[in-house]
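The values are calculated or read from the model by the stated rules, or taken from the named source; none is laboratory data. Because the structure is a prediction, the values reported are computed rather than measured. Here the Cβ positions follow ideal geometry from the backbone for every residue, glycine too, while neighbour counts run over all protein chains shown. Side chains are part of the model used for accessible areas, which takes the heavy atoms of the whole protein and leaves out ligands, DNA and RNA. Shrake-Rupley method; radii C 1.70, N 1.55, O 1.52, S 1.80 Å.
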Amino acid sequence: MTLTQYGIKYAVHIITSNFGNLVAKVCESLLRRGHLSLKQLIGFTELTPQQVKNSLLILIQHNCVQPFSFDQSEGPKVTQYIALFDNIIHRGRFAKFLAVVSQELDTDHELILKDLLENGRLTLKQIIEGAESSKSQGDSAGKDSVQESFLKLVNAHFVERCPAPEPVLEQATKQEGPAKKRGAKSAKMVEVPETIEQRVIALAAPPEAVRFSIMIDSEADAPGGKSDNMSVGEKRKHPTLEFDTEFGSNDEVVLWRANFEEFIRCLRHKACIENVRARLDDEAAVVLRAMLKATRTAEKKVKTENSVPLSLNTIYEEVINSEAGRSLTMGRVRDSLSGLCDSSQERDVDEDESYSADLKKILELAQDDEVESIVLKRYGKDAYTMFRILSLAGRPIETDKISDMSQLSLVEKNETPKILYNLWKDDYLHMERLVVTGARQSQFLVWRVDKPIIWKHVLDEMFHTALNLSLRLACEEERFKEITDLPAHKLLGEMAKQWQLYRNVILVLQASLLKLDDALMLFHDF
């Protein structure tokens, strides 16, 4: 999806809040102009070379910019820099990422993740030193605990190795995937990245065998020694020795970072489950949660349209393993699956039949509900009824027919064009004027819901609202700065009332921003 006007403004505001105006100026140039060289950035930003270099180092350290170069046979290699829009927006979701780890693991793992989110990229040695310094006890037992927590984070794919520092991108017009994958030819074509940003990200990513593994070189320096590549999850007989070895000179340059992709996958699964709960029932939500939990590591990409197929017996075993699903029978699980899976899938009526949840449909219905809710609140019930008629029809309909179809709302026929015009004026409908020639020439208007265009408009409005909320939040924090800087024992009388007012305002704004971000992810990330 292409960047929207307010999406860029919101991203620049996030960078400004985190790193200041100079870094934001460099970032904005990259977001608006695409990939640029250092020389081009200096020219566009009118900053000094050192200021631009320092800004780029900060953005790279925090995974907001990726350097790369084009493969060229002649001339010197010129490093290009490209802004990673999604990673910038994710900076406003750190609280959600920490909550995911806290729910799935525990607070010790949350401590390590928080250090990575705040610092962007760290070596294993820096991660452990940071975790130990934040604990009250710094003994060896604490170190072992941090090591174990780190391994679990990597094993759960919440932490990954950093990408290549400067991948080389081919300039050929035919874009090929970064690696051949098994499967149908059509499936491969879908996986091919289309934009330069997607191609760079795919090329820079470490191979799966390395991305979530820890290199052990305990015998590398010995004559005839060997080097092992230990995947996370294997038995470790001497964890302290192996970690100490890993902190040696051979592995000091290995950097780790939070894996945003995995967090978005978890939040996407959660959104699917909650939407199924609201649209169907609790039992369907329990079944879907069991399916997604069993196949999460098998998903190849975040925006997968269907869950990994599972047999009915496997699904039932996963369902009854959860406390909420122990009371469900095989028949009730099968009934829930009928509402979750694509009805066009053909299945054999036996124990080996497989089911795959239609995640794309679940999220599309959630998007429809979100837009319809906006139309209802902004334009009223009659506009909502007309918009829903057009959305469900999926084709152009003329004005008179819309009026006839929406009679249940008791709207006056002459009011229909006015309502439709208001929706069209605000880019919520697409309108065409058709001319019919014959014995008597006539013209009429047809209306339709063009979802790709309208959904992009809705997304831009959401970014605009998120920007306004963030600016208001910053304004309130500045307005009450004198109150918040006071020690607790001085918050008496009128000062105490002002502090409580500040707390109430901040809580409302933060809650609104978090809820809005859920809708943003629905349209942009899921």
Alpha-carbon Rg with Dmax, taken over the range 421-526, Å:
24.0, 88
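Could you work out what % of the accessible surface of the range 378-449 is carbon and sulfur, using a 1.4 angstrom probe and leaving DNA, RNA and ligands out of the count? Please report the intermediate quantities before stating the final value.
Numbers: 2290 of 4630 Å².
Carbon with sulfur: 49 percent of the solvent-accessible area.
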For R378, what accessible surface area do you get with a 1.4 Å probe? Give it in Å², rounded to 10.
120
So with the 1.4 Å probe, I'd like the accessible area per residue for the range 5-85, rounded to whole Å².
47
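Report the far tail of the P(r) of the range 260-340, meaning the percent of Cα-Cα pairs longer than 19 Å. All intermediate terms of the calculation are to be shown ahead of the outcome.
Numbers: 1052 of 3240 pairs.
Roughly 32 percent, rounded to a whole number.
How about the range 412-493: which GluC sites (Glu not before Pro) there are in a DSSP loop, with at most 11 other Cβ atoms within 10 Å of their Cβ? If you can, show how the numbers build up before the last one.
Values: sites: E412, E415, E432, E461, E476, E477, E478, E482; in loops: E412.
Within the range 412-493, the qualifying GluC sites (Glu not before Pro) (loop, at most 11 other Cβ atoms within 10 Å) are E412.
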With all protein chains in place and a 1.4 Å probe, W499 shows an accessible area in Å² (nearest 10) of 90
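If you only keep lysine pairs separated by 8 or more in sequence, or across chains, how many in the range 9-94 come under 18 Å at the Cα atoms?
Details: K9/K25; K25/K39; K25/K53; K39/K53; K39/K77; K53/K77.
Final tally of qualifying lysine pairs is 6.
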I need the peptides 43-54, 259-270 ranked by packing, meaning the mean over residues of other C-beta atoms within 10 angstrom, with the highest value on top.
259-270, 43-54
Looking only at Cα atoms, what is the convex hull volume of the range 464-525 per residue, in Å³?
77
Phi to ³J(HN,Hα) by Karplus 6.51 cos²θ - 1.76 cosθ + 1.60 over the range 149-162, Hz, x for Gly, Pro:
5, 4, 4, 5, 5, 5, 4, 7, 6, 7, 10, 9, 5, 5
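Percent of Cα-Cα pairs more than 20 Å apart in the range 22-152, please.
Working: 4812 of 8515 pairs.
Cα-Cα pairs in the range 22-152 separated by more than 20 Å: 57 percent.
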For the range 5-85, go through all pairs of different Cα atoms, get the mean of 1/r, take its inverse, and jot down that Kirkwood value in Å.
12.8
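Rank by packing, highest mean first: peptides 123-132, 276-285, 6-15, with packing defined as the count of other Cβ atoms within 10 Å averaged across residues.
Details: 123-132: 18.7, 276-285: 17.0, 6-15: 21.8.
The packing order, highest mean first, is 6-15, 123-132, 276-285.
What whole-number volume per residue, in cubic angstrom, does the convex hull of the C-alpha atoms of the range 378-449 give? Intermediate results must be reported in sequence, preceding the final value.
On the way: hull volume 6.4 nm³, N = 72.
Hull volume over Cα atoms, normalised by residue count, gives 89 Å³.
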Binning at 10 Å from 0, report for the range 82-168 what percent of all alpha-carbon pair distances ends up in each bin.
15, 47, 29, 8, 1
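So, with a 1.4 angstrom probe, what is the percent of accessible area on the range 464-525 that is carbon and sulfur?
Numbers: 2290 of 3870 Å².
The nonpolar share, carbon plus sulfur, comes to 59 percent.
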